[in-house]
Structures are given as structure tokens and as C-alpha cells.
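Have a look at the structure below before the remarks.
The values are calculated or read from the model by the stated rules, or taken from the named source; none is laboratory data. Treat the numbers as computed from the prediction; the structure is a model and nothing was measured. Because the Cβ atoms are built from the backbone with ideal geometry, glycine has one as well, and the counts that use them run over all protein chains shown.
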Amino acid sequence: MLELRALTKRYSGTMAVDDVSFTALPGEVTGYLGPNGSGKSTTVKMITGLLDPTAGEILYRGRPIRDHLVEFKRILGYVPEEPYLYPHLTGAEYLELAGELRDLPAATLPGKIGALLELFSLTGDRHAPISSYSKGMRQKILICAAILHDPEVIVLDEPFSGLDVHAGLVLRSLIRSLAASGKTVLFSSHVLEVVEKVCHRVVILHKGRVVANDSIERLRDLMALPTLEDIFAQLVTQSDPDATARQIAEVVRQ
């Protein structure tokens, strides 16, 4: 179980994450939603150890991760929002590096890498430099690297970025399968349609604070709204999207 308790991050007086608390359970996909600037990526970076919180704590299996950060990172898989890769390496070389850093057995690593590259339709480009890859191909390499070591906790920050329709469908099923195998999956995304289909529960953030934390079904019932998109709009949208769109169109026509 991954637990956030009163997690707070402040930058020079600006509150990015404000007293955020929630729990992500093994066997479930927890959606983490919010508009741009709401604090989602800052939260993710604190969970992955890239940022230190100003206050509060993050626990895994009841232990603060700051007390065993190296151990926690060994069982963590992370797909960041931005695909920071070594462009001079080939896709296969990057995964070999990731596997070696994770101390995966040298005898089985090549076969595992080959199987993942084939399943993600990257076999023909395995020896091409990552600098020649499309955005979607780079995203597939990030996903492969994140799950290569069979992690217990998987944090996905906008993992569908750049993926084509087929790869997106594969990833959607993969997320569900990973949770079904007992892993803890935290899924941060703007793609509400996908979140609604794969997540067991959602945490919605607005201006750094949690404004909803429940199952999608219960939120629908409580708010008497049919879709997650309607719920999200009700909780965090500052203006009527349709009215704003009409005003934009009018400005363009002038």
C-alpha cells in the first residue's frame, strides 16, 4: 500500500501541493487527475524521490520511503511525463542499461528485452538510435524500461503521450493486467475517457488540494453526473467550456 499523508510542497512561498492525503492499494489502478498546474507532476516527483516534500510524508507498506529510499526505488517503475532518454543509444541498448542498473540476470535479460520489443512492435528498430525514434516509439521504450524489472509499484505520468491507437489499446489492457497481478498502479493523466475505463478509484486535485477521492461509481452517484468528464468539469473547471469555445471562435472571426 502506497500512502500519502498531508503531503505538501512549497516553492518560494507558492503552494504547489497543499496537504494532500490518499492511499493507492495493491490490485487497483488509482487515477490522479487535475488541470495543468494543479500539482499532479509535483506529487509524482515526490513519490518517485525526485523532489523532497516541504512537509508530510509518503509511506509504502507503512514505512516512510525517505527512510529506505534506495530500497523503495528498486521496486518502483516510473514512466515520466517527458521522455528523457539517451538519444545516442539504440532502443535495445537503453533497455540493456536499465536492466543492468536493476541487477537483472544477464542470462535472461536479452530474451526479456527481445520479447518486450517485439510485443511493442519495435523489433525492426531495436538497433536504431533513439534520436531517430518518433515520440510514440520513445514512449514505448520508457514503458518497457519501467516494467522490465517487474516492479511492485508503478507510477505512470501521462503514459499515453504520442502512442497510436493500437499501442494505446495495448497499454490500456496492460495497466489493468498489472493491477490484476497485485501491483499498485498510480495513473496520472488528462485522458479522462481512458481513466474512466481503467481506474478503480480517482483522486482529483485542484490548486494543489484534493477535491475528490473515491470510486468513479460512487462519485457518479454522489454528484448525480453520468461521466467522469462531467464530474471533473464540475469540480475544477472555472468557466463553461462551451461558452469559452464560442467566445474564442468569435474572436477568430473578427
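Results, tabulated for the structure shown:
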| read-out | value |
| --- | --- |
| Failed criterion for T42 (all others in (1) closer than 23 Å to V191 by Cβ; (2) of a type in the set (S, T, N, Q); (3) out of contact with any strand residue (DSSP E or B) (no Cβ under 9 Å at 6 or more places or on another chain) hold) | (3) |
| Boolean, V185 is among the hydrophobic types (A, V, I, L, M, F, W, C), modelled with pLDDT of 95 or more and either in contact with a Ser or Thr (Cβ under 7 Å, 6 or more places away or on another chain) or crowded, with 16+ Cβ neighbours inside 10 Å (or both) | yes |
| The range 11-31: number of residues that are surrounded by 15 or more Cβ atoms within 10 Å (Cβ to Cβ) and within 17 Å of L174 (Cα to Cα) | 5 |
| Criterion (part of a helix (DSSP H, G or I) and touching a Leu at 6+ places or on another chain (Cβ under 7 Å)) met by exactly one of L163, L171 | L171 |
| Scope the range 174-194; condition assigned to a helix (DSSP H, G or I) and over 22 Å from T108 (Cβ atoms); matching residues | I175, R176, A179, A180, L192, E193, V194 |
| Residue tally, condition at positive phi and hydroxyl-bearing (S, T, Y), over the range 157-169 | 0 |
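A quick yes/no check of all residues on (1) at positive phi; (2) not polar (S, T, N, Q):
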residue: A106; (1), (2): no, yes
residue: A128; (1), (2): no, yes
residue: S131; (1), (2): no, no
residue: Q139; (1), (2): no, no
residue: V155; (1), (2): no, yes
residue: L171; (1), (2): no, yes
residue: G182; (1), (2): yes, yes
residue: S189; (1), (2): no, no
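To keep it simple, each residue is scored yes or no on (1) modelled with pLDDT of 95 or more; (2) farther than 14 Å from A146 by Cα; (3) among the β-branched types (V, I, T).
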residue: I58; (1), (2), (3): yes, yes, yes
residue: R61; (1), (2), (3): no, yes, no
residue: Y84; (1), (2), (3): no, no, no
residue: L95; (1), (2), (3): yes, no, no
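Yes or no, residue by residue, for (1) within 23 Å of G56 (Cα to Cα); (2) buried (at least 17 other Cβ atoms within 10 Å of the Cβ); (3) touching an Asp or Glu at 6+ places or on another chain (Cβ under 6 Å):
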position: S161; (1), (2), (3): no, yes, no
position: L169; (1), (2), (3): no, no, no
position: S177; (1), (2), (3): no, no, no
position: E193; (1), (2), (3): no, no, no
position: E196; (1), (2), (3): no, yes, no
position: C199; (1), (2), (3): no, yes, no
position: K207; (1), (2), (3): yes, no, no
position: S215; (1), (2), (3): no, no, no
